[in-house]
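The structure appears below as structure tokens.
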Amino acid sequence: MLKLTILDGHAVNPGDLPWDDFTKIADVTVFERTPANQIIERIADSDAIFLNKISITEEILSACPNLKYIGVLATGYNVIDLAAAKKHGVTVTNIPAYSTDSVAQHTFSFILNFTNKVCEHDTAVKNGDWVRCRDFCFWNSSLVELNGKTLGVFGYGSIGKKVTEIAKAFGMNVICCTRTAKTGMPEQVSFKELLERSDFVTLHAPLTEQTKNIINKESLGWMKKSAYLINTARGAFVDEQALADALNEGKIAGYAADVVVEEPMKSDNPLLTAKNTVITPHIAWAPKETRARLQKIALENLTAWMNRNPINVVS
């Protein structure tokens, strides 16, 4: 029977989604987390492995000659040395487009947090401000209506497209910046124009050498002082110190992110104490329904590979 090892199963399945369907086709061992110095000993005799954020290097592949399949439990696969995998005859697959709906939903939870100030006013009410109020209502800061505002979408893949659909339902004007024009997409503009015109900018492009640190001191200077930046894609899009400086100096209105450059977040990250930030711990992909979809695709990937007809192959 195929020997399958899951190296960091806790993130995908902290106990609410059983691995039962996998145990029907393989001898499965699940580790909640795996430190780097235990990877080789845990997968030395495995035929296949699943992982999320565990790095697989040439050294590891050389030490594990039985290994023929790596299933990445995510869309991004930069943790795998693909050249080494190809050299060792190891098939690598990923999970594309499983989190489109949940990430788009999370994006708008950030936008609505900035416009409606729900958390801020809930805190005020529970601190007794409404009880002491002389009027039937109060607000601590200005509220914003989305209708008529401009949303700039950087990257127009499946998530960017879904975000656009939601934005239009709110009556927003949408512009986008993307490498490849597509039928029916919103007005396409340069990155500079996207930042200059948008009331909200949301990042949904792939992380490449060209997009790394694309949000920097210069590009932040193109944004309106009243504009908000949303990042549910990759932390490395952002020069975090430059962004923290811009926030503290009032050069943009706010920043919301589900990702940072180094995760888990470090205590000295400048965004942790920057003004007008909202940060969640990389959970846009984490609703139970989304993770169940991920597991289903992972099973399909493994089964297809076992049947010698692999799908979602990246190497």
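List of remarks:
- Cα-Cα pairs of the range 9-76 separated by more than 21 Å (percent): 22 percent
- Max mean-square fluctuation residue, GNM over the chain, Cα-Cα springs under 10 Å, options Leu247, Leu272, Leu207: Leu272
- Taken over the C-alpha atoms, the range 169-210 has Rg and Dmax values of 11.1, 34 angstrom.
- Set of lysines with alpha-carbon distance to Lys212 below 16 Å, sequence-local pairs under 8 removed: Lys192
- Sorted largest first, extent of the range 9-132 alpha carbons per principal axis (Å): 70, 28, 28
- Estimated Rh, the range 168-275: Kirkwood, alpha-carbon pairs, angstrom: 14.5 Å
- Pairwise FRET efficiency - Glu59 versus Thr208, Cβ, R0 = 22 Å, nearest 0.05: 0.25
- Reported value for the chain: 163 Å³ per residue, from the convex hull of its C-alpha atoms.
- Hz values of 3J(HN,Hα) by residue in the range 102-109 - Karplus curve (6.51, -1.76, 1.60), Gly and Pro given as x: 6, 5, 4, 4, 5, 4, 6, 5
- Potential extension, Ile40-Lys225 segment - 0.36 nm per residue separation minus Cα distance: 61.5 nm
- Simple point charges give the picture: +1 on the Cβ of Lys and Arg, -1 on the Cβ of Asp and Glu, and for the range 210-305 a dipole about the Cα centre of about 300 debye.
- Inter-centroid distance (Cα atoms) of the range 122-164 relative to the range 242-315, Å: 22 Å
- Computed over the chain, the per-residue total of -39500 (n - 2.57) for DSSP H runs of n ≥ 4 gives a 222 nm mean residue ellipticity of -9000 deg cm²/dmol, rounded to 500.
- Straight-line cross-link partners of Lys87 among the lysines, defined as a Cα under 17 Å from its Cα and at least 8 positions apart when in the same chain: Lys68.
- With 21 Å as the limit on Cα-Cα distance, the pairs of Lys3/Lys296; Lys162/Lys266; Lys224/Lys275 that go past it are Lys162/Lys266.
- Value of Rg to Rh for the range 82-200, rounded to two decimals, is 1.18; Kirkwood radius and Rg both from alpha-carbon coordinates.
- Quarter the surface of the alpha carbon convex hull of the range 234-299 and you get the mean projected area, 5.3 square nanometres.
Just so you know, all these numbers are worked out from the coordinates, no wet-lab data involved. A quick note: this is a predicted structure, and the numbers were derived from the prediction, not measured. Note: ideal-geometry Cβ built from the backbone for every residue, glycine included; neighbour counts use all protein chains shown.
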